[in-house]
Each structure stands twice: as C-alpha cells, then as structure tokens.
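Report on one structure; see the data block that follows.
The values are calculated or read from the model by the stated rules, or taken from the named source; none is laboratory data. All values derive from a computational prediction rather than experimental measurement. Cβ placement follows ideal geometry from the backbone for every residue including glycine, while neighbour counts extend to all protein chains displayed.
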Amino acid sequence: MPRSRAAGLLPRIRTWPELPEGEKPRLLGTIAYKAGMTHVIMIDDRQTVPNAGKPLFKAVTVLAIPPLYVLGMRLYGYRDGYQYVLGDALNYSDGRVFGGKPKKYSSLEQSLKDLESVLGDAVRMSAIVYSIPKDVGLTQRRPFMMEVAVSGGNMKQRFDYLSALIGASVSAEDVVKPGTYMDVISVSKGKGFQGPVKRFGIKRKQHKSRKSVREPGTLGPWHPAAVMRTVPMAGQMGFHQRIEYNKRVIALADESERPVTPPGGFLHFGVIRGKYVMLAGSVPGPAKRPVILRYPLRQPSIRLGVPTITYVDSVQGGVKQ
C-alpha cells in the first residue's frame, strides 16, 4: 500500500538518515538508471555460514550511475512541530537547467550570505542536485532534479562543504562504496487498470456463480454500511513508489576497465557508458527507470568488506575478474 500511481518517474524521499558523530559532511544519496540484470560468482565472505570462503552464485542488478551536479542548497528550520524552508541559494548561471536567467533573482554570493546569517536556526540542510540522462546514453534531455540531504559534522561544516560544491559535480565514488549497503527507492513497472484476480490474487468463482466470476464473493457486512479498504477491488496496478532496504553494493567500476555489457547491449537499455554499480538482487522498475540510492535508514548489524568477484556473466562466455 498504497496502490496508487506515483506522482512521477522520480521517487519522493521523505526521510533521510543521520550519519554518526565524527563523520565528515557528505551527500546521502545519488541518482542511477536501471540497465538490467546479470549474475556474478563471488567469494562468500559471511563467516557464520557453511559456505564461507567458497564460490557463491549471485544475481545482481546493474545500474548506470552518472555524476551528480549540484545546483544549489536549501536550509530548513523547525517550528510548531514542522520543518519549514529558511531559504535557498541557486546557481542561475547553469544553462543546463535554466534556459535564461529570471528577471528578478539574487546573485549566488548574496544568497549564500543570507543563508549564513540564519544558519543558527537551521535543523536540516539539503543540496539541490540534478542528473542528466544523456550522460548514460538515454535520449531524454530534461534533467532529473531533486533534493539530497547532507549529514556529518555541524551546520557550519555542512554549509562550507555545500558552498564549495555549488556549480561542481559529485562522482559516484563520493557516495557509493563497494561492500556497503544502500536503500533503493524507485517506481515499479506500470501495469495499468487490473481486476481483483490479477491485482490481489483472489480465486475465480465457480462457473454457475451469480452474475460474475472474476469478482470478490462479498463486498463486506451490512454494518458498517461501507466498502472497507481491505476488500479486493479493481484499480491501478504497478507504477507505485517502492523502497527496498539494505541492498548490498557488489561492485562499482567503469565499463572501459571492467566490462559488464552483454553482446548487443542490455535489453531495452543498450550499452553502458561510463561508471556502473552492481547491487545484489533485484531493483523495482523497468530498464531506463531512474533509481535513487540512499544511505541505509535501518543500518544492518552485519559488517562486510569489499566483495571478491571471480566471474561476471557479461560478454560471450563470461569474464574472469
């Protein structure tokens, strides 16, 4: 739940984790694009399982991950139980986002000074970033824009960190580390309007049933005199925003150094250009769908190092690593 259509292709992030004390300020997420799935053979580094130290077959999802461009920053205050915007600073000279400068706007330097003056009231700081699909070979020109929270250090350290990043780019290595865990937020495949048999898996009624076969047997009791939300009904199926927690990062590499594209390219995606990330298991959504990788909100108790990959099923016959 809910089984309603997502607002758009890019998910909405409502919660961001906080890094432990002593960590340096950094972005807590990035945008990648789903290419497809393959499998690898890696050394099982879990010490408490019987297969420890032996080869392990692992299905992985490959995501093309371009650099993230920082457009500006935003500060949030806290009042009456809610967070509100204290102010923001944007780089209006970025022609990839702004076709032309607005008639009335503040310069970046002046906006940063105004934000620094209210830094004492800030409880949260976010970077306004965007990702260009054409960087991974997609045809879409319009960039995907979102807010990414910044954590680590105090507010002054975060402000200095973000101020230096405005107008620059953040590479994948600055956010994603092999062997760690990330939360995956994406919009699932859309299947349109479906009936309750396909949507909820209810049984078809017998062929002599009254009026209908592919409908529920009852809509509920007389009282309450309303159809409850637990009754399986027809409606939207798919294109829902979904989160999968604690996906392990198997590898982060460059296609030119460590090829992973199969012959003819990934189905419905093509050839990966530049850097990619491998995640254990599946990821919601079809090929080309933007996927947000976020630092884990529920930190796993297990601590593992960088995986050792011995084989990647990419080109004909596979590639030994």
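Check Gly36, Gly72, Gly29 and return the single one that is of a type in the set (Gly, Ala, Ser), farther than 30 Å from Gln236 by Cβ and either touching a His at 6+ places or on another chain (Cβ under 9 Å) or buried (at least 17 other Cβ atoms within 10 Å of the Cβ) (or both).
Answer to the check: Gly72.
What residue, among those in the stretch 242-257 that are outside any strand (DSSP E or B) and acidic (Asp, Glu), is surrounded by the fewest Cβ atoms within 10 Å (Cβ to Cβ)? Steps first, please.
Step one: list which residues in the stretch 242-257 are outside any strand (DSSP E or B), which gives 255-257.
Imposing the further condition that a residue be acidic (Asp, Glu) reduces the set to 255, 257.
Values: Glu255: 17, Glu257: 7.
The extreme case among them is Glu257.
Of the conditions (1) surrounded by 14 or more Cβ atoms within 10 Å (Cβ to Cβ); (2) more than 22 Å from the chain's Cα centre (by Cα), Thr230 clears all except one; give me its number.
Thr230 satisfies every listed condition except (1).
A quick yes/no check of all residues on (1) farther than 17 Å from Pro290 by Cα; (2) touching a strand residue (DSSP E or B) at 6+ places or on another chain (Cβ under 6 Å); (3) not charged (D, E, K, R):
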| residue | (1), (2), (3) |
| --- | --- |
| Met125 | yes, yes, yes |
| Leu138 | no, no, yes |
| Asp160 | yes, no, no |
| Ser169 | yes, yes, yes |
| Pro178 | yes, yes, yes |
| Ser186 | no, yes, yes |
| Gly190 | no, yes, yes |
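Residues in the stretch 69-90: is at least one within 27 Å of Arg14 (Cβ to Cβ), modelled with pLDDT under 95 and part of a loop (DSSP other than H, G, I, E, B)?
Yes: one or more hits.
Provide a single number: the residues in the stretch 258-278 that are at positive phi and either part of a strand (DSSP E or B) or hydrophobic (A, V, I, L, M, F, W, C) (or both).
Residues flagged as at positive phi and either part of a strand (DSSP E or B) or hydrophobic (A, V, I, L, M, F, W, C) (or both) within the stretch 258-278 amount to 1.
Checking Ala253 against (1) closer than 20 Å to Gly36 by Cβ; (2) among the hydrophobic types (A, V, I, L, M, F, W, C); (3) in contact (Cβ under 8 Å) with a residue 60 or more places away in the chain; (4) in contact with a Pro (Cβ under 9 Å, 6 or more places away or on another chain): exactly one of these is not met. Which one?
(3)
With the requirement that a residue be β-branched (Val, Ile, Thr) and under 19 Å from the mean Cα position of the chain (by Cα), what does the stretch 1-48 give you?
Ile13, Thr15, Thr30, Ile31
Restrict the check to the stretch 232-241 and report whether at least one residue is assigned to a loop (DSSP other than H, G, I, E, B), farther than 17 Å from Tyr33 by Cα, small (Gly, Ala, Ser) and without any contact (Cβ under 8 Å) to a residue 40 or more places away in the chain.
Scanning the stretch 232-241, I find no residue that is assigned to a loop (DSSP other than H, G, I, E, B), farther than 17 Å from Tyr33 by Cα, small (Gly, Ala, Ser) and without any contact (Cβ under 8 Å) to a residue 40 or more places away in the chain, so the answer is no.
Per-residue answers, yes or no, for (1) small (Gly, Ala, Ser); (2) within 17 Å of Ala168 (Cβ to Cβ):
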{"position": "Val62", "(1), (2)": "no, no"}
{"position": "Leu68", "(1), (2)": "no, yes"}
{"position": "Leu71", "(1), (2)": "no, yes"}
{"position": "Ala89", "(1), (2)": "yes, yes"}
{"position": "Lys113", "(1), (2)": "no, no"}
